[in-house]
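Everything below concerns the one structure shown next.
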Amino acid sequence: MMTGGRVKLKGWQQAAVAVGSAVGALLDPRRADLIAALGETTGKPAFERVLERMKRSPEGRAVLLERPRVISANVGHAWDLPPNTFGAAYAKFMGSRNFSPDDRPPVRFMETEELAYVAARAREVHDFWHTLFDLPTNLIGESALKVIEFEQMLLPMCALSVAGGTARFSHSQRNLFYQHYFPWALRAGVKCTDLMCLYYERHFDEDLEDVRRRWGIIPAPSPPLRAA
């Protein structure tokens, strides 16, 4: 059962929340709550397509049936896994940044329980994708991951986030992103498997490089020395 106090909006209310969230997120990209609201109010068709793909995938169906949540109580064992594993890499990513999986804002504007879960799942696997693609959490890294997320889910919010993020780049950051990270992200997002149809938690104890190869993951290349 999804919790968090979902709100049913009329059409004009949904549009108002979408516009307000878009403006607020552009003014302050750190507002995760506004970015989440924008994703929900503009992303229903995209989440419906993701839901249908998950239903057609054996592993995706297992996720929908069991509805795992990426919260501390469920993923804490990753910190005890061998260092070569996917789970340990995820734990290192989270621990080195002092991130908590419990910090994600709840889903509020999805009409059905099933779509609410898909939206929450998309939000919660974000840090798994950071780990798999070996992307930093700076503005360039987040923008590059949003390119992959757009290719995977076609969420309008992802495209808007890239536009808003790159607008804040310095000249050197913009050159680095469009010459180095953007072409890689376009290639990586197309080549990999359907990332929303993976039951990541079942693969925590597997070798990180093995799961990358199996899922067609191309890790982000190191930036050129002159840009480091």
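The values are calculated or read from the model by the stated rules, or taken from the named source; none is laboratory data. This one's a predicted model, so the numbers in the text were calculated from it and none came from an experiment. Backbone-built Cβ (ideal geometry, glycine too); neighbour counts: all protein chains shown.
The requirement of being under 12 Å from TYR200 (Cβ atoms), buried (at least 19 other Cβ atoms within 10 Å of the Cβ), touching a residue at least 12 places away in the same chain (Cβ under 8 Å) and of a type in the set (Lys, Arg) is fulfilled somewhere in the stretch 100-123, by at least one residue. Out of the residues in the stretch 84-131 that are more than 16 Å from MET153 (Cβ to Cβ) and of a type in the set (Ser, Thr, Tyr), which is modelled with the lowest pLDDT? Filtering the stretch 84-131 for residues that are more than 16 Å from MET153 (Cβ to Cβ) and of a type in the set (Ser, Thr, Tyr), the one modelled with the lowest pLDDT comes out as THR112.
Only one of the numbered conditions (1) more than 12 Å from ALA119 (Cα to Cα); (2) in contact (Cβ under 8 Å) with a residue 60 or more places away in the chain; (3) part of a helix (DSSP H, G or I) is not met by LYS92, and that is (2).
Applying the criterion of being among the polar types (S, T, N, Q) and surrounded by 17 or more Cβ atoms within 10 Å (Cβ to Cβ) to the residues of the stretch 132-158, the residue that is modelled with the lowest pLDDT is SER143. So in the stretch 215-228, with the set limited to residues that are outside any loop (DSSP other than H, G, I, E, B) and surrounded by 13 or more Cβ atoms within 10 Å (Cβ to Cβ), which one is modelled with the lowest pLDDT? That would be ALA227. Screening TYR117, TYR90 for residues that are of a type in the set (Phe, Trp, Tyr) and closer than 30 Å to PHE182 by Cβ leaves exactly one candidate, TYR90.
With respect to MET196, determine if the residue is of a type outside the set (Asp, Glu), buried (at least 19 other Cβ atoms within 10 Å of the Cβ) and modelled with pLDDT of 95 or more. For MET196, the condition - of a type outside the set (Asp, Glu), buried (at least 19 other Cβ atoms within 10 Å of the Cβ) and modelled with pLDDT of 95 or more - is met. Scanning the stretch 47-84 for residues that are touching a helix residue (DSSP H, G or I) at 6+ places or on another chain (Cβ under 9 Å), hydrophobic (A, V, I, L, M, F, W, C) and part of a helix (DSSP H, G or I) turns up PHE47, VAL50, LEU51, MET54, ALA62, VAL63, LEU64, ALA73, VAL75, ALA78, TRP79.
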